[in-house]
Amino acid sequence: MDMDPLTQAIADVLEGYPEADLNDAEKREVIADDIANTLRERAFTEE
């Protein structure tokens, strides 16, 4: 299944975290930061 670049970036980051981390508020914040950083990196490298 082809994903758009935004969805792919989020999926790539989430793949690296155990499902249980999504239920922990502090870990969700870390994951959100990781997603934001990944999107920033990819935005600069894909331009």
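Since every read-out is calculated from the coordinates, none of them should be taken as a lab result. Since the model is a prediction, treat every value here as computed from it, not as a measurement. Virtual Cβ from ideal backbone geometry, glycine too; neighbours counted across all protein chains shown.
Return the label of the correct value of Rg and Dmax of the Cα atoms in Å, as calculated from the structure shown, out of (i) 19.9, 60; (ii) 11.5, 38; (iii) 11.5, 35. Working out Rg and Dmax of the Cα atoms in Å from the coordinates points to (iii).
Here the chain is assigned +1 on the Cβ of each Lys and Arg and -1 on the Cβ of each Asp and Glu. Its dipole about the Cα centre then comes out at about 80 debye. Every helix of 4 or more DSSP H residues in the chain counts as -39500 (n - 2.57), and over all residues that averages to -23500 deg cm²/dmol at 222 nm.
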